[in-house]
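Worksheet: one structure, shown below.
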Amino acid sequence: MSNKKKKKLTPTQQQYQQFASQREPKRPVFINCVKAFLVGGIISTLGQGLQWMFMTYFGFDKVTASNPTVAVLIILSVLLTGLGVYDHIAQWAGAGTAVPVTGFANTMASAAIEHRSEGYVLGVGGNMFKLSGPVITYGVFFAFVVSLIKIIVKELGGI
Amino acid sequence: MLKGHQTWVFENRPVIIATSAVGGPFESKGALAEDFDILHKDMWLGQDSFEKAEKKLLEEACEIAIKKAGIKKEDVNIFLSGDLLNQIISSSFTARTLAVPYIGLFGACSSSMEGLSVAALLVESKAADCVLAATSSHNAAAEKQFRYPTEYGAQKPPTSQWTVTGAGAAIITRQGEGPRITSATIGRVIDMGISDPFNMGAAMAPAAVDTIQAHFRDLGRDPSYYDFIATGDLGKVGHGITEELLKKHGLNIPPDIFTDCGMIIYKEEQPVLAGASGCGCSATVTYGHLMRRMREGELKKILIAATGALMSPMSYQQKESIPCIAHAVSIEM
């Protein structure tokens, strides 16, 4: 907990939180990391295999092959989300399924399914980016910041 | 009537003449499956949204309780109900179906005992002859509102709990056969500054401790008076903390009579992490399981302290901590 947050708490509250946190089971961080490494690695290896397949059999080059590769992973992820399997795998795999592109596809598909009951416009349309929105917002923003830095450095005579 | 600071003693001992419990597919695989009146195989209950499914659960629970009591719905003077969805829609929409006088309650997961204590008070004070008290929760509807979409792959920490898909209802009258409500302790809101919605047990434990202590202090009773004491939905983590805190404050409840509804509703092998939660947890366990054991004579005097976390999805995004409450009701045969 941050110190700023701690300051707002009364001594009794702080005492209780300390007491409670000793009795709460902790996230098994090491095991979770190992699982995430395994599953994330498997997904990435699958992606590598797909890229190789598209390059060998379908005449794509190394850059263009990434498009159909990502598409296949996204379709698989959305399919598993729709069949109600993805969240169970994710409870085991943690960051292993959240970090690769499959995780991003899952955030969009799950939100779209969940809010179908509120209609296509306000429900699916309005909520599909509920979880993935921050990724896009900050992805775009930081890409902008980085390119700005690059331009400035270039103008100043850097590399 | 009022005894001590916050406890009502009911001299006329209102009777719970009928109770009902309805559950979902996950509950049908649970440890108390036999104590439910209806168990649905389908999370959606044939409806096109989770919210409608929850309303159906509550409607069914009310209908069964009315039928078991052998009364007509016109005989119900007041319907008391609460749930977890925004603006307690499950309760209000059920009240629309029932078309009886209605008071909506919000005590989050403590709504079950909040409803039961107010029902007993209304019957005791002759404001009503027959009160229907009910509450419901739905796993997917609650997840959708309070956390993430159900199919979203987020890893839940070991302190998180599983919201019960279920509804429970009870009919309380002045005379009749059945377990009697003898007292109720209304809780204070306690906030120990915990703001993690995946750690409700630890957030709610101090509220349970406060109310249980107040109950025994107000009535000058010893825990040995009861042969069963249960908290509402603290789960393993919260219940452990409650036990220790009570001991620290000099209230020794023997572990064999002290448990938590959220710990007994599911089987050990079900993947619920710390246990069950939701309005439906204490409601179905009390109205289904415990009432059956009382009617069969296995339990004579029980105390249920239903716990509730009074936060909203917005309040925790704004980094507010979780205020909690617990209401305790004693039921005797």
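The values are calculated or read from the model by the stated rules, or taken from the named source; none is laboratory data. For clarity, every value in this text was computed on a predicted model and none was experimentally measured. In this analysis, Cβ positions are derived from the backbone assuming ideal geometry, glycine residues included, and neighbour counts consider all displayed protein chains.
What the table shows:
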{"quantity": "Filter result for residue B:247 (surrounded by fewer than 24 Cβ atoms within 10 Å (Cβ to Cβ), among the charged types (D, E, K, R) and free of Cβ contacts under 8 Å to residues at least 40 places away in the same chain)", "calculated": "yes"}
{"quantity": "Some residue of the stretch A:13-35 being part of a helix (DSSP H, G or I), in contact (Cβ under 8 Å) with a residue 40 or more places away in the chain and within 11 Å of chain B (Cβ to nearest Cβ)", "calculated": "yes"}
{"quantity": "Residues of the stretch B:305-333 classified as within 18 Å of the chain's Cα centre (by Cα) and surrounded by fewer than 23 Cβ atoms within 10 Å (Cβ to Cβ), total", "calculated": "4"}
{"quantity": "The one condition in (1) without any contact (Cβ under 8 Å) to a residue 24 or more places away in the chain; (2) more than 14 Å from residue B:144 (Cβ to Cβ); (3) small (Gly, Ala, Ser); (4) part of a helix (DSSP H, G or I) that residue A:112 fails to fulfil", "calculated": "(2)"}
{"quantity": "Among the residues listed as A:131, A:83, A:76, the single one being on the phi < 0 side of the Ramachandran plot, surrounded by fewer than 16 Cβ atoms within 10 Å (Cβ to Cβ) and of a type outside the set (Asp, Glu)", "calculated": "A:83"}
{"quantity": "Verdict on residue B:4 being away from every other protein chain (no Cβ under 14 Å), small (Gly, Ala, Ser) and at positive phi", "calculated": "yes"}
{"quantity": "Flag if residue B:74 is more than 14 Å from every other protein chain (Cβ to nearest Cβ), among the acidic types (Asp, Glu) and assigned to a helix (DSSP H, G or I)", "calculated": "yes"}
{"quantity": "Among (1) away from chain B (no Cβ under 13 Å); (2) within 22 Å of residue A:115 (Cα to Cα) - the single one residue A:58 does not satisfy", "calculated": "(2)"}
{"quantity": "Some residue of the stretch B:220-237 being within 14 Å of chain A (Cβ to nearest Cβ), at negative phi and assigned to a loop (DSSP other than H, G, I, E, B)", "calculated": "yes"}
{"quantity": "Qualifying positions in the stretch B:37-61 - in contact with a helix residue (DSSP H, G or I) (Cβ under 7 Å, 6 or more places away or on another chain) and on the phi > 0 side of the Ramachandran plot", "calculated": "B:45"}
{"quantity": "Residue match in the stretch A:67-84 (condition: under 27 Å from residue A:29 (Cα atoms), of a type in the set (Val, Ile, Thr), free of Cβ contacts under 8 Å to residues at least 60 places away in the same chain and within 13 Å of another protein chain (Cβ to nearest Cβ))", "calculated": "yes"}
{"quantity": "Count of residues meeting criterion [under 15 Å from the mean Cα position of the chain (by Cα) and part of a loop (DSSP other than H, G, I, E, B)] in the stretch B:162-211", "calculated": "4"}
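Results for (1) at pLDDT 95 or above; (2) outside any helix (DSSP H, G or I); (3) under 24 Å from residue B:201 (Cα atoms); (4) away from every other protein chain (no Cβ under 13 Å), shown as yes or no for each residue.
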position: B:114; (1), (2), (3), (4): yes, no, yes, yes
position: B:117; (1), (2), (3), (4): yes, no, yes, yes
position: B:121; (1), (2), (3), (4): yes, no, no, yes
position: B:128; (1), (2), (3), (4): yes, yes, no, yes
position: B:132; (1), (2), (3), (4): yes, yes, no, yes
position: B:135; (1), (2), (3), (4): yes, yes, yes, yes
position: B:143; (1), (2), (3), (4): no, no, yes, no
position: B:150; (1), (2), (3), (4): no, yes, yes, no
position: B:160; (1), (2), (3), (4): no, yes, yes, no
